[in-house]
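All remarks here apply to the structure that follows.
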Amino acid sequence: MSDSMKAMETSMSSWRMALKNRIIEGELLFHSDRGFQYACTDFMDELKDLPVVQSITELPEQSEGKLLG
């Protein structure tokens, strides 16, 4: 658990731990809400060189996401 909401201490730390424990096979769809930890440039940079398509919900009331890439 983190004492802050900084991307480096939350989403990026969790993402890196997941990569150590599981190999990405094929293309991965990573969907999240518009939380700043997942929409920030640092986190998006973590994904850009991997076979990952990032999807972020446009508005809180929408259930479909927008693919980024």
Practice problem: Considering each of 37, 62 in turn, give the residue that is touching a helix residue (DSSP H, G or I) at 6+ places or on another chain (Cβ under 6 Å) and at pLDDT below 85. | Solution: 37
Quiz item: Taking region 40-59 as the region of interest, how many residues are modelled with pLDDT of 90 or more and loosely packed, with under 10 Cβ neighbours inside 10 Å?
Solution: 1
Practice problem: State all residues of region 20-34 that are among the hydrophobic types (A, V, I, L, M, F, W, C), modelled with pLDDT under 90 and not in a loop (DSSP other than H, G, I, E, B); if no residue qualifies, say none. | Solution: 30
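The values are calculated or read from the model by the stated rules, or taken from the named source; none is laboratory data. Bear in mind that the values here come from a model prediction, so they are computed numbers and not experimental data. Note that we place each Cβ from the backbone using ideal geometry, even for glycine, and neighbour counts take in every protein chain shown.
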